[in-house]
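Here the structure is laid out as structure tokens; the discussion comes afterwards.
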Amino acid sequence: MGKKIFAVIFLAVLIACGPRSVLAKEMRPNILLILVDDMGYSDIGPFGGEVQTPALDSLAKSGIRFTDFHTSLLCSPTRSMLFSGTDNHLAGVGTMAEWIAPNQIGKKGYEGHLNDRVVSIATLLRDAGYATSMSGKWHLGEELKDDPYNRGFQKAYTMLQGGASHFDDESMMYPNYTPIYRENGVQVHVPKGFYSSEFYTDKMMEYIDARETGKPFFAYLSYTAPHDPLHVPDEWLEKYKGRYDQGYEALRKDRLDNLKKLGFISDDVVPFPHFPLSPEWESLPDEEKKREARKMEIYSAMIDNVDYHLARLFKHLKKTGDYDNTLIIFFSDNGANGALMNQYPDTDQVWIDRNSDNRYENLGRRFSRIALGPSWAQVSMTPYRLFKGFTTEGGIRSPLIVSGPGVTNNGSHNDSFCHVMDISATILETAVVQHPGSSYKGKEIETLRGQSLVEVLNGKSDSVYDNDTAVSWELFGRRAVRKGDLKLVWLPDPFGDDDWQLYDLSKDPAELNDISKERPMVRKEMIEIWNQYSKDVGVVLPPGGVLRVEPSDK
């Protein structure tokens, strides 16, 4: 009876919240969770980018943009926290399965997949009567027992690994690996004419339409774009032709100005400079400038193409009458990717040259293998420091947009800190589903660590965390602690001198000025916070304290 009363109150609150809050058919809203892969903070229009994203522009106008939202520094740890609501070391992805250190093998929390110590939010929503489906990238385990079909999704078409060709050739980015696709637990091959973003969108519409009448849906649309290799259909190849001939530095300035106009950063913010290990634009030969600009053209077209397919999906939901009753959550799994193709496992330039068609005229097409690279990735993360793979803001800050039932202050942005672990709690509260706590069906599990965003979404609160709450990160030995506006970072040389650095993000969001000497006691306190976190979640540091897999220009 208590749950019924709560549900009635929840419905009344939603109806009172505005035009998109009126629930069409069901008391509980549908939930559409959209994740893009390796997209930068400032790439899309709502976050100051020049890439044309009308569907996301519209979503931002009807919802809230979170400007201080954080993920992990790499993809599968982010996804483990997204679906468990707890730290990646507790959820089984204490490190990437592709780069596990010898001393981490067999250790608790380093299973390399979403482990049995957590219950997936898809499972909880399925148990509560939601029709659950996903299409796209999983990257939380390749064994059948770890398949999304066995972790709460009633329908699932997935690519199980970290990345592959976006076309129907089913080639992998690197040797000794074959991409695995499954539908509902059965291995399949992608159809002829497959392009990832189009196909995954079509499959999601199919699943949503096929659900049992009257059931709300939880739909997880996990694009592999714009993850490398950079591929886009032929008709999209020329859309951004010439747009990036100005080079890295000029584009970063444009984006910085746009972010200031949006009010996301103050006028006196100094951005992190051009990636120090890469040559500046004007020093490049003309032929290399041409190839570099082409990479960014293709990358931007991939994001534009994702937006095009989101527009198709939104139009479809409006046609079926589901759109106004759907909470939509959109973000990227980490910062933009600054790695080069020859830095993947077992890969070198000889293998790439032998197995790819990287002639200029074929870039972006089948059998080309190119990556964005560190210089453009740094631009994509304007104004922040570095990119994917680092615990700096450029590695872990992501654009988050939330729109739908219960969301007020439409078109606004919220500057308070929040984290990917918070998405689970937000979805469960929105769906009126309680997390089971420390036990699920007689089995001990991890409790939620994330906090719900619901009171920020409905205007009852301005923030999720108070200034006394600390959140910590670790991957490959790279570490960070966030407490209020203060951030402690540990990075290997040459990026951080193999030592702790302290920054005040309210004055220095690009992490340029280490204030450790000015505030030694604060630094000491935050190191102790990270040490306690490490004990609590079972961090096992690689030999020597860090795994050195830094991107470079070599």
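Filtering the stretch 500-512 for residues that are more than 26 Å from the chain's Cα centre (by Cα), without any contact (Cβ under 8 Å) to a residue 40 or more places away in the chain and surrounded by fewer than 15 Cβ atoms within 10 Å (Cβ to Cβ) leaves an empty set.
Determine whether the stretch 180-194 contains at least one residue that is within 29 Å of Ala431 (Cβ to Cβ), under 23 Å from the mean Cα position of the chain (by Cα) and surrounded by 20 or more Cβ atoms within 10 Å (Cβ to Cβ). For the stretch 180-194, residues within 29 Å of Ala431 (Cβ to Cβ), under 23 Å from the mean Cα position of the chain (by Cα) and surrounded by 20 or more Cβ atoms within 10 Å (Cβ to Cβ): absent. Only residues that are among the aromatic types (Phe, Trp, Tyr) and over 16 Å from Thr469 (Cβ atoms) were counted across the stretch 525-543, and they come to 0. Kindly check whether there is at least one residue in the stretch 544-553 that is surrounded by fewer than 19 Cβ atoms within 10 Å (Cβ to Cβ), on the phi < 0 side of the Ramachandran plot, touching a helix residue (DSSP H, G or I) at 6+ places or on another chain (Cβ under 9 Å) and in a helix (DSSP H, G or I). Looking through the stretch 544-553, none of the residues is surrounded by fewer than 19 Cβ atoms within 10 Å (Cβ to Cβ), on the phi < 0 side of the Ramachandran plot, touching a helix residue (DSSP H, G or I) at 6+ places or on another chain (Cβ under 9 Å) and in a helix (DSSP H, G or I). Residues that are touching a helix residue (DSSP H, G or I) at 6+ places or on another chain (Cβ under 7 Å) and either of a type in the set (Phe, Trp, Tyr) or not in a loop (DSSP other than H, G, I, E, B) (or both) within the stretch 325-346 comprise Thr326, Leu327, Ile328, Ile329, Phe330, Met341, Asn342, listed in sequence order. If the condition is being hydroxyl-bearing (Ser, Thr, Tyr) and part of a helix (DSSP H, G or I), then the stretch 347-365 contributes only Tyr360. Restricting attention to the stretch 350-381 and to residues that are touching a Leu at 6+ places or on another chain (Cβ under 9 Å) and under 21 Å from Val420 (Cβ atoms), the residue that is surrounded by the most Cβ atoms within 10 Å (Cβ to Cβ) turns out to be Ser380. Against the definition (without any contact (Cβ under 8 Å) to a residue 40 or more places away in the chain, buried (at least 17 other Cβ atoms within 10 Å of the Cβ) and over 21 Å from Gly411 (Cα atoms)), how does Leu230 come out, yes or no? Taking the combined requirement at face value, the residue does not satisfy it.
Against the test of being under 25 Å from Asn342 (Cβ atoms) and aromatic (Phe, Trp, Tyr), the options Phe194, Phe199, Phe167, Phe153 yield a single qualifying residue, Phe167.
Thr95 fulfils the conditions (1) over 15 Å from the mean Cα position of the chain (by Cα); (2) under 13 Å from Gly450 (Cα atoms) except for a single criterion, (2).
Need the failing condition index for Ala210 against (1) aliphatic (A, V, I, L, M); (2) in contact with a helix residue (DSSP H, G or I) (Cβ under 7 Å, 6 or more places away or on another chain); (3) in contact (Cβ under 8 Å) with a residue 40 or more places away in the chain, just the number. Ala210 satisfies every listed condition except (2). Being within 19 Å of Asn337 (Cβ to Cβ), part of a helix (DSSP H, G or I) and over 18 Å from the mean Cα position of the chain (by Cα) holds for only one residue in Ser368, Ser375, and it is Ser375.
This table checks each residue for (1) buried (at least 24 other Cβ atoms within 10 Å of the Cβ); (2) part of a strand (DSSP E or B); (3) in contact (Cβ under 8 Å) with a residue 60 or more places away in the chain; (4) polar (S, T, N, Q).
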| position | (1), (2), (3), (4) |
| --- | --- |
| Pro436 | no, no, yes, no |
| Leu448 | no, no, yes, no |
| Glu455 | no, no, no, no |
| Lys460 | no, no, no, no |
| Arg482 | yes, yes, yes, no |
| Leu488 | yes, yes, no, no |
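For the stretch 462-480, the set of residues classified as in a loop (DSSP other than H, G, I, E, B), touching a strand residue (DSSP E or B) at 6+ places or on another chain (Cβ under 9 Å) and either more than 26 Å from Ser120 (Cα to Cα) or touching a residue at least 40 places away in the same chain (Cβ under 8 Å) (or both) consists of Asp462, Ser463, Val464, Tyr465, Asn467, Asp468, Gly477, listed by residue number. Applying a threshold of 7 Å to beta carbon distances and a minimum spacing of six or more residues, or different chains, the list of pairs starting in the stretch 135-147 at a residue that is surrounded by fewer than 23 Cβ atoms within 10 Å (Cβ to Cβ) and ending at one that is modelled with pLDDT of 95 or more and among the hydrophobic types (A, V, I, L, M, F, W, C) reads Glu142/Leu160; Glu142/Ile180; Asp146/Leu114; Asp146/Leu140. Phe264 meets the stated requirement of being assigned to a loop (DSSP other than H, G, I, E, B) and touching a strand residue (DSSP E or B) at 6+ places or on another chain (Cβ under 6 Å). In the stretch 235-290, the residue that is surrounded by the most Cβ atoms within 10 Å (Cβ to Cβ) out of those that are more than 25 Å from Ser416 (Cα to Cα) and aromatic (Phe, Trp, Tyr) is Tyr248. Inside the stretch 394-434, residues that are in a helix (DSSP H, G or I) and under 19 Å from Ile34 (Cα atoms) make up a count of 11.
The values are calculated or read from the model by the stated rules, or taken from the named source; none is laboratory data. The shown structure was predicted, so the numbers you read here are calculated from the model rather than taken from an experiment. All Cβ positions, glycine included, derive from the backbone under ideal geometry; neighbour counts span all protein chains shown.
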